[in-house]
Amino acid sequence: MSQAPAPSELSGATAALARSPVFGVLGETALARLAAAGTITDLPVGAMLAQKGDAGDCAWLILRGEIEVRALSAGGRQTRLAVLSAGDVAGEMSAIDGGERSADMAATRHTRLLRLSRAALLDALADNPQAAVALVVLLSTRIRALDDEMEARQVLDLGGRLARALMQQATPEGLVSVTQGALAHLIGASREKVNRKLGDWVRDGIVRVEPGGVRIASAPRLEALAAQAWSR
């Protein structure tokens, strides 16, 4: 359910817009107007923000939490396309062209968003060409990332995809704090296959499985596995 931002939330919503790579180029007046035109949406873990085929009548600015963008693979398995977090814009492509949503979006954490109607978004972009350019750059970056991901899924074997995912998700300390099920979901494989591959790598001293997730024990060896998979 959406609701207008409370007066105490307007300043926070305006500040969040100002930090956005897209809307941060707007002036103070335009930011305040866009925030006031928005509505607040709260989603519990697992709730759908939008489904493929829905009308593209708005975009969302994520204030806190996390949204997973996903689609069904040819085999019927859900595949993660992207993960969006605080400060990211979701649903902008359909909001711009008014077309249907091209993928499902769901909250993987308790998430709060600022919903921006298509009319308000288009008005802001029409009045501020710099914001329109910033949005085009954002879309181009996401398309490039998606192209890279799809190429990896076609070229890399399970080990290569898993090595790549671990390196992308790891903290500077080498911890990947996601479940094995989430890793399987991320690379488009079964949990059982991911579990077996991690077991092989644990025995080889490449990773360790800890209560908080998977820790990379040998980053050079993991990077070599990914590089070897690309070179085949």
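Computed about its Cα centre, the charge dipole of the chain is approximately 800 debye, with only Lys, Arg, Asp and Glu carrying charge at their Cβ. For Gln78, nonlocal amide neighbours, meaning residues 5 or more places apart or on other chains whose placed amide H falls under 5 Å from its own, are Ser73.
Sort 79-91, 195-207 for me by packing, meaning the mean count of neighbouring Cβ atoms within 10 Å per residue, highest on top. Before the final figure, lay out each step's value.
On the way: 79-91: 19.1, 195-207: 15.5.
Highest-to-lowest ranking by the protection proxy: 79-91, 195-207.
Ordering of 131-140, 166-175 by packing is 131-140, 166-175, highest average first (other Cβ atoms within 10 Å, averaged per residue).
Of the labelled figures (i) -0.75, -1.00; (ii) -0.64, -1.02; (iii) -0.58, -1.07, only one reflects log10 I(q)/I(0) by the Debye sum over Cα atoms at q = 0.11, 0.15 Å⁻¹ as derived from the coordinates, namely (ii).
Got the relative contact order for the stretch 1-145 handy, in percent, Cα pairs under 8 Å and 6 or more residues apart?
Relative contact order here is 31 percent.
In the stretch 1-123, inverting the average of 1/r over every pair of distinct C-alpha atoms gives 14.6 Å as the Kirkwood radius. Remark: the stretch 161-177, residue by residue, has Karplus-estimated 3J(HN,Hα) of 5, 5, 4, 4, 5, 4, 5, 6, 8, 6, 6, x, 8, x, 9, 10, 8 Hz, where x stands for each Gly or Pro and the curve is 6.51 cos²θ - 1.76 cosθ + 1.60 at θ = phi - 60°.
Amide H contacts of Thr108: Gly46, Glu66, Ile67, Glu68, each under 5 Å away and 5 or more positions distant or on a separate chain (H built 1.01 Å from N in the peptide plane; Pro and chain starts excluded).
Read-outs throughout are calculated quantities, based only on the coordinates presented, and are distinct from any laboratory measurement. Keep in mind that what you see is a predicted model, and the values were worked out from it rather than measured. Backbone-built Cβ (ideal geometry, glycine too); neighbour counts: all protein chains shown.
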